[in-house]
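J.: One structure coming up, written as structure tokens, with questions to follow.
Just so you know, all these numbers are worked out from the coordinates, no wet-lab data involved. Keep in mind that this is a model prediction, so the values were computed, not measured. Counting neighbours? That spans all protein chains shown, and the Cβs are built from the backbone with ideal geometry, glycine included.
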Amino acid sequence: MWSDARGARHTFAGRLPASTLGRAVDIQLNAFPVSGLPKAPIYQYQVMVGTGAEKRGLIKAVWNSQATRSKLGPGWIFDGNSLAWSTTQHPAELRFNVNLDEEAGHAARPGRTDVHRVVVRPTAVIDFTCLDAYLTGTATYDTKILQAITVLDHIMRETPSSRFISIKRNFFAANSQRSPLGGHVEHTTGVYQSLRIAHHPAGHRLVVNADVANGTFWSSGPLSAAVLAVTKSRSEADIQLLLKQGNPKFFDLRRLRKLHVVTVHRKGGSDEYVIDHFMNKDSTHVLKFKDGSTQTVAQYFQATYNVRLKYPGWPVVQMTRKAVLPLELLKIKDNQRYTFKLDDVQTSQMIKRAVTPPRERWAAIDTGVKMLDWASDPYLRNYGMAIDPKPIVAKGRLLVNPKLQFGGTGTASQTDPKTSGRWDLKGKKFASTPALKDLSAWGVCVLSARGEIDKAAVQRFLQSFIQTYAGHGATLPPAYRDPAIYYAASNADPASFAQEAFQLAGNKHNSRPQLLMFILQDKNSITYGKIKRFCECKLGIPSQCVQYAHVQKAQAQYISNVLMKFNAKLGGFTNTVFGPVTSKKAILDNSVVIIGADVSHAAPGLNGPSMAAMTVSMNANATRYAAAVETNGHRVEMITDENIEKHIISLIKNGWSRQVGQGKAPATVVYFRDGVSEGQFAQVIDQEVAAMKKAFAKIHVMPRFLVIIASKRHHVRFFPQSGGDKNANPLPGTLVETGVTQPFENDFYLCAHTAIKGTARPVHYNVLLNEPQWPQDKIHTLIYEHSYQYIRATTPVSLFPAVYYAHIASLRGAHHSKGFGNPAAYDNTVTGTTEPIYEPLLPMANPAIMNPGMWFI
């Protein structure tokens with residue numbers, strides 16, 4: 001019934017007996033038990049304002065009016081849309097009108113009244129005895145429990161929503177300390193809280209997950225300063241240049257749409273407006289009035305307000321209320337959320353402020369809990385709800401770290417429970433390198449964007465690179481020990497210098513190059529993307545980019561790190577693992593395939609396509625994966641049936657079956673899906689898994705499915721009571737199955753990695769379907785051990801590699817789209833279309849690039 005309430009037409013996999021692996025540890029969680037529930041019933045009402053189709057802003061204004069408060073009385077809670085709750089019972093329907101003109105204290109405008117009808121109708125009685133009985137195990141689940149949890153969630157939100165800036169379940173003080181991120185954007189911290197039912201050995205209970213909330217807001221102040229920032233203009237003199245025909249920076253002003261601004265030209269007062277768009281016109285734009293007269297914007301403000309514009313050449317701004325105002329007379333209101341993707345500089349600054357070590361994070365959580373002040377919350381007290389400010393301490397498990405198997409007989413022991421989770425490649429051979437017969441030639445392209453290139457330093461780096469690769473076990477032909485080097489001009493297009501490097505390498509060795517290395521001067525994402533696009537979609541080969549600064553240093557560790565990716569692109573892999581379980585019996589064999597999937601979306605505010613990527617394991621121990629990616633509509637999270645069929649049949653039939661299955665199809669599919677919310681779990685089964693089963697049926701097989709969701713979008717953090725690492729983070733292998741997990745379904749939190757900075761974020765795994773009936777220990781072992789097999793790292797990674805690779809491949813898909821490097825490609829106002837058309841990605845020039853080379857690494 002829990003699954004039914006969440007929209008599923010079936011039951012998800014149930015909770016299995018807890019893990020027996022490793023040893024027990026105490027983990028403090030940023031979760032707090034609900035210690036008191038309402039004793040008296042709460043009455044639920046349906047609220048309709050006007051016709052029921054009014055906008056939320058109007059509904060809020062009507063609900064908060066004095067007329068509504070006087071009619072209903074104190075203590076009501078409203079969800080902002082259509083539901084309200086009260087401890088007062090009104091058996092009959094209430095009807096009344098609210099005059100917003102009277103509320104505002106001004107006369108009605110001619111021909112328009114601002115009067116709205118309100119209907120409040122009783123719909124349900126929420127009795128919490130059923131919830132209390134359910135939590136103590138004396139009653140089964142029904143829909144009344146879901147109603148009770150919903151009202152409790154709104155009770156918790158009511159007071160902080162009125163006191164703080166509210167963004168969903170995040171709350172920020174209006175006067176909180178702000179720090180600039182650049183681009184007219186600033187950062188602040190607040191508090192997050194969420195109510196959930198949690199599994200507990202003594203019985204289910206309600207808990208509140210509280211965490212630090214990091215918010216980004218537009219800086220208040222002159223709108224012109226924001227224009228300078230978003231267009232990256234140098235000075236105010238450049239603003240009028242935005243109106244020059246075809247200036248691409250004018251497109252960036254779309255970010256400022258929907259911002260609330262106030263005017264600064266009226267003495268003794270100001271008016272508030274909402275930006276609709278920036279007009280591609282200056283203050284000579286002609287305004288037409290009802291009496292038939294006309295004036296330019298500059299003339300109107302001179303005549304009406306005696307304001308002479310200082311910058312008549314700046315763009316004018318169209319407001320949602322039909323007003324057209326000069327840019328220089330507008331100021332951004334404070335406390336407005338910044339909803340767009342941060343650029344590289346802003347991201348760097350954000351990380352410095354948001355990434356804090358465990359002790360600092362817990363102190364911030366404690367500050368947030370005090371800010372919420374549950375004990376003094378009038379709504380919690382009035383409705384009879386109480387939350388214990390003492391955090392939950394859960395019994396977790398610390399799994400034994402696996403051993404790593406490298407090439408030859410060398411192993412690196414990782415059995416010490418106090419290990420940092422890192423290892424060194426020095427003196428170790430890769431577990432697999434490409435065969436000598438499979439290597440032909442490669443080339444190097446050096447891009448000189450500024451200054452002179454030290455060619456001797458390039459030669460030293462390449463010589464060290466080749467020698468180190470041989471030291472890691474690669475047997476290299478002469479062509480690989482003497483790559484062709486092409487020095488590109490500073491202003492060359494990536495397509496042209498990549499083509500020149502490819503031809504030079506092919507001519508030198510009379511063989512088609514298998515890979516190109518690019519030595520770049522900086523981390524320009526557009527140049528990088530164009531290199532990947534041309535090599536993969538035109539030349540049909542993988543590429544490897546390195547930074548010139550690292551080339552000059554030629555440090556051994558850096559070279560080995562690059563070689564892990566270089567080796568993977570040629571068909572090899574770094575290491576395999578075995579541990580307490582796998583040393584006795586292998587987790588995987590040639591009947592099991594692992595499939596990972598992820599969908600990435602265009603940055604907020606852009607109409608670009610979503611990218612759906614799927615990865616498939618390509619050897620028995622799943623150290624290598626092939627990947628495919630394709631467009632998936634606009635912000636569509638579920639992978640389409642067409643994409644699934646296209647990816648699965650190709651990757652399974654032409655890859656896995658030949659290399660792993662000995663010509664047969666898999667008997668078991670382990671499907672890891674990344675990035676979906678709990679509300680979409682049913683869709684994963686009903687749409688994606690169903691589509692995969694149809695695809696497998698076309699190759700006459702029906703494997704058993706183990707379906708696992710991997711998510712990092714949550715607010716649960718681990719704070720070990722003892723035995724943490726030097727930063728007080730949990731050790732790799734820390735597993736939590738209680739305290740904050742679902743009461744009915746099979747889910748758990750696993751911290752598989754060591755956090756380099758800040759507080760470690762465990763991954764939340766939900767097992768939705770378990771047709772092969774794998775035991776819990778086997779699932780935990782697979783996930784944890786394979787975190788040590790991520791092909792380009794010398795540390796265990798936080799996320800299962802299959803979905804990690806799918807995430808990388810989905811991001812790479814953007815480089816293969818027609819809109820890459822052209823943000824206006826999918827903009828309706830530019831293309832003139834009602835809906836953007838998302839064409840398929842450019843195809844790979846050579847299908848062989850898909851496998852065995854991991855082109856996306």
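J.: Normalised by the residues of the chain, what does the relative contact order come to in percent, with Cα pairs under 8 Å and at least six apart?
T.: It rounds to 15 percent for the chain.
J.: Which residues' amide hydrogens lie under 5 Å from the amide hydrogen of residue 731, considering only partners 5 or more residues apart or on another chain, with H built in the peptide plane?
T.: Answer set, sorted by chain and number: 725.
J.: Once you have all Cα-Cα distances for the chain, histogram them in 10 Å bins from zero and send the whole-percent values.
T.: Here the calculated profile for the chain is 2, 10, 17, 22, 21, 15, 8, 4, 1, 0.
J.: In whole Hz, what ³J(HN,Hα) sequence does region 86-93 give by Karplus (6.51, -1.76, 1.60; θ = phi - 60°), x for Gly and Pro?
T.: Listing the rounded values in order: 7, 7, 9, 8, 10, x, 9, 5 Hz.
J.: State to the nearest 20 debye the size of the charge dipole of region 221-333 about its Cα centre, where the only charges are +1 on K and R beta carbons and -1 on D and E beta carbons.
T.: 180 debye
J.: For region 749-793, which trypsin sites (Lys or Arg not before Pro) are both in a DSSP coil and crowded by at most 12 other Cβ atoms within 10 Å?
T.: Hits after loop and neighbour filter: 757.
J.: Additional query: Roughly what % antiparallel, to the nearest 5, for the DSSP beta bridges in the chain?
T.: 80 percent
J.: Along the charge dipole of the chain, Cβ charges K/R +1 and D/E -1, which of 751, 380, 229 sits furthest on the positive end?
T.: 229
J.: Shape of region 279-393 from its Cα gyration tensor (a ≥ b ≥ c, root eigenvalues): rounded if a/c is under 1.5, otherwise prolate when a/b > b/c, or oblate?
T.: It is prolate, given that a/c is not under 1.5 and a/b is the larger ratio.
J.: For residue 484, enumerate residues with amide H under 5 Å from its amide H, sequence gap 5+ or separate chain, H modeled in the peptide plane.
T.: Residues meeting the criterion, in which the H sits 1.01 Å from N, are 442, 444.
J.: A further question on this structure: From the phi of every residue in region 345-353, what ³J(HN,Hα) in whole Hz does the Karplus formula 6.51 cos²θ - 1.76 cosθ + 1.60 yield, where θ is phi - 60° and glycine or proline is x?
T.: Per-residue couplings from phi come out as 5, 5, 4, 4, 5, 5, 4, 4, 8 Hz.
J.: Apply the Debye scattering formula to region 221-333, with a single equal point scatterer on each alpha-carbon and no solvent, then give log10 I(q)/I(0) at q = 0.18, 0.21, 0.23 Å⁻¹.
T.: Taking Cα atoms of region 221-333 as identical point scatterers yields -0.90, -1.23, -1.46.
J.: If you place +1 on the Cβ of every Lys and Arg, -1 on the Cβ of every Asp and Glu, and leave all else neutral, what size is the dipole of region 443-587 about its Cα centre, to the nearest 20 Debye?
T.: 460 debye
J.: Let me ask something additional. Alpha carbon centre of region 145-192 versus region 796-817: separation in Å?
T.: So the separation of the two Cα centres works out to 31 Å.
J.: Could you give log10 I(q)/I(0) at q = 0.10, 0.13, 0.19, 0.20 Å⁻¹ for region 433-569, computed by the Debye formula over C-alpha point scatterers of equal weight, without solvent?
T.: Scattering profile of region 433-569, log10 relative to I(0): -0.29, -0.50, -1.15, -1.29.
J.: Under a 5 Å amide H to amide H cut-off, with H placed in plane at 1.01 Å, what residues pair with residue 139 once short-range neighbours are removed?
T.: The answer is 134.
J.: Calculate the length of the line joining the C-alpha centroid of region 682-753 to that of region 88-120, in whole Å.
T.: 50 Å
J.: Which loop-located trypsin sites (Lys or Arg not before Pro) does region 509-592 contain, where loop means any DSSP state but H, G, I, E or B and the Cβ has at most 12 other Cβ atoms within 10 Å?
T.: For trypsin sites (Lys or Arg not before Pro) across region 509-592 that sit outside H, G, I, E and B with at most 12 neighbouring Cβ atoms in 10 Å, the list reads 523, 584, 585.
J.: Can you compute 3J(HN,Hα) from phi for each residue in region 236-246, using the Karplus curve 6.51 cos²θ - 1.76 cosθ + 1.60 with θ = phi - 60°, rounded to whole Hz and x for Gly and Pro?
T.: Result, rounded to whole Hz: 4, 5, 7, 5, 5, 5, 4, 7, 5, 3, x.
J.: Sorted from largest down, what three extents in whole angstroms do the Cα atoms of region 42-126 have along their principal axes?
T.: Taking the Cα atoms of region 42-126, the three principal extents are 45, 24, 20 Å.
J.: With unit charges on the beta carbons (Lys and Arg positive, Asp and Glu negative) and the dipole taken about the Cα centre of the chain, which residue among 392, 763, 468 sits farthest to the positive side?
T.: Going by the charge dipole, the pick is 468.
J.: Region 49-89: which trypsin sites (Lys or Arg not before Pro) are DSSP loop and have at most 10 other beta-carbon atoms within 10 angstrom?
T.: Answer by residue number: 55.
J.: Relative to the Cα centre, what is the charge dipole magnitude of the chain, using +1 at the beta carbon of each Lys and Arg, -1 at the beta carbon of each Asp and Glu, and rounding to the nearest 20 debye?
T.: Its charge dipole is roughly 1180 debye.
J.: Moving on to the next point. Distance between the C-alpha centers of region 618-633 and region 498-559? Whole Å please.
T.: Comparing the Cα centres of region 618-633 and region 498-559, I get a distance of 23 Å.
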